[in-house]
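One structure is given here, and the rest of the page talks about it.
The values are calculated or read from the model by the stated rules, or taken from the named source; none is laboratory data. Not measured: the values here are computed from a predicted model. In this analysis, Cβ positions are derived from the backbone assuming ideal geometry, glycine residues included, and neighbour counts consider all displayed protein chains.
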Amino acid sequence: MRTMWKGAISFGLVNVPVKLYTATESKSIKFRQLHKECMNPIKYEKVCPVCNKELEDNEIVRGYEFEKGRFVVVDDKDLERIPEETAKTIDILDFVNLEEIDPIFFDRSYYLSPDETGSKAYALLRKAMEETGKIAIARVIIRSKQNLACIRVYDKNYLVMETMFYPDEVRSTAGLPSLPDPKLHENEIKMAVQLIGSLSEKFDPGKYTDEYREALLELIHGKIRGEEVKVPGYTGEGKVVDLMEALKASLEAANKSRMVSGEKKEGRSENSKGTEKAEKGGSGKKPAQKKTVKKTG
């Protein structure tokens, strides 16, 4: 895994040298745009619309539009004026409880591992956070942007940092359409609660897969092999208009799914028992007993 940033966690008067790694990656399938006539990838050029010419990288500068059509230029020298200790430090501001943070504030995840000289300080911070059950709220600059972040213990051994949105970056619900206030019947609420209970499981991320991505890959590989790819049509049942009927149908489907799942588990259990019995019993014949011969004096 490639290190994308090196710096230190500032924890009171303690500095914890760390390395930063990207913790997640997108598995989305990317398409390139082709010229339909010759099937070659199209080319994007950096062109100035006023001068009507293609530009080289050394002819392009970084600009901020503060008014329509008016820009201020910010070059590398301007960015270098930001103090180095601020740019390479994860400053811990507070310690809070994780459940106090709504997930809407979380953005991207990064692993933090200790640098060669920071193993003890890293272990100390991790242990203290485990003992208190707290997570750290911090501030860090990544790629010329100051981020709010939280640091927490992950997988027992490591620290993970989640960059967060600032409050003014989270849109208010005030801009959403107003919600109606429908009357809910007691039976509807009861059945909805039962449905949630029947679908409740311990979270296992391994059971969830990107089915659309898998189908798309199958289509692509089929085309590479020159096969005709058939996409199945919608096989769902007719639309259920009545809410109670929809709840009943959902509850029955959930219970049926659980029964099938239980039967599969039971079948696997019986097969394993039979295998163990066969292994212990061998061919089914009892082992020959030794005869005892009395000695005659």
Review point. Any idea which of (1) part of a loop (DSSP other than H, G, I, E, B); (2) over 17 Å from residue 10 (Cβ atoms) is the one residue 127 doesn't satisfy?
Key: (1)
Review point. Does residue 120 meet the test of being under 17 Å from residue 14 (Cβ atoms) and in a helix (DSSP H, G or I)?
Key: yes
Check your understanding: Just checking, how many residues over the range 140-157 are over 16 Å from the mean Cα position of the chain (by Cα), at pLDDT 95 or above and either within 16 Å of residue 17 (Cα to Cα) or not hydrophobic (A, V, I, L, M, F, W, C) (or both)?
Key -> 1
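Here is a check on your reading of the model: is residue 162 assigned to a strand (DSSP E or B), surrounded by 10 or more Cβ atoms within 10 Å (Cβ to Cβ) and either not assigned by TED's automatic domain parsing to the domain that holds residue 122 or not hydrophobic (A, V, I, L, M, F, W, C) (or both)? First the steps, then the outcome.
Numbers: assigned to a strand (DSSP E or B): yes; surrounded by 10 or more Cβ atoms within 10 Å (Cβ to Cβ): yes; either not assigned by TED's automatic domain parsing to the domain that holds residue 122 or not hydrophobic (A, V, I, L, M, F, W, C) (or both): yes.
Taking the combined requirement at face value, the residue satisfies it.
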Exercise for review: Considering only the range 186-217, state which residues are in contact (Cβ under 8 Å) with a residue 40 or more places away in the chain, farther than 17 Å from residue 257 by Cα and not in a helix (DSSP H, G or I).
Suggested key: 210
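Report yes if residue 205 is outside the structural domain of residue 88 (by TED's automatic domain parsing), under 30 Å from residue 249 (Cβ atoms) and modelled with pLDDT of 90 or more, otherwise no. Outline the logic, then answer.
Working: outside the structural domain of residue 88 (by TED's automatic domain parsing): yes; under 30 Å from residue 249 (Cβ atoms): yes; modelled with pLDDT of 90 or more: no.
No, not satisfied.
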Check your understanding: Is there a residue in the range 140-156 that is part of a loop (DSSP other than H, G, I, E, B), surrounded by fewer than 17 Cβ atoms within 10 Å (Cβ to Cβ) and among the basic types (Lys, Arg)?
Key -> yes
Review point. When you look at residue 95, is it surrounded by 10 or more Cβ atoms within 10 Å (Cβ to Cβ) and closer than 26 Å to residue 164 by Cβ, yes or no?
Key: yes
Exercise for review: Identify the residue in the range 19-52 that is surrounded by 10 or more Cβ atoms within 10 Å (Cβ to Cβ) and among the charged types (D, E, K, R) and, among all such residues, is farthest from residue 121 (Cα to Cα).
Suggested key: 46
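Scan the range 13-54 residue by residue and report those that are in a loop (DSSP other than H, G, I, E, B), in contact (Cβ under 8 Å) with a residue 40 or more places away in the chain and out of contact with any strand residue (DSSP E or B) (no Cβ under 8 Å at 6 or more places or on another chain).
First pass over the range 13-54, keeping only residues in a loop (DSSP other than H, G, I, E, B): 13, 23-33, 35-40, 42-46, 49-52.
In the following step, the residues that additionally are in contact (Cβ under 8 Å) with a residue 40 or more places away in the chain were identified as 23-24, 27-29.
Result: 27, 28, 29.
Go through the range 14-45 and give me each residue that's of a type in the set (A, V, I, L, M, F, W, C), under 30 Å from residue 115 (Cα atoms) and more than 28 Å from the chain's Cα centre (by Cα).
As a first pass, look at the range 14-45 and keep what is of a type in the set (A, V, I, L, M, F, W, C): 14, 16, 18, 20, 23, 29, 31, 34, 38-39, 42.
With the extra rule that they be under 30 Å from residue 115 (Cα atoms), the set shrinks to 14, 16, 18, 20, 23.
Matches in the range 14-45: 14 only.
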Study note, to complete from the structure: Within the range 95-115, residues being over 17 Å from the mean Cα position of the chain (by Cα) and free of Cβ contacts under 8 Å to residues at least 12 places away in the same chain number 2
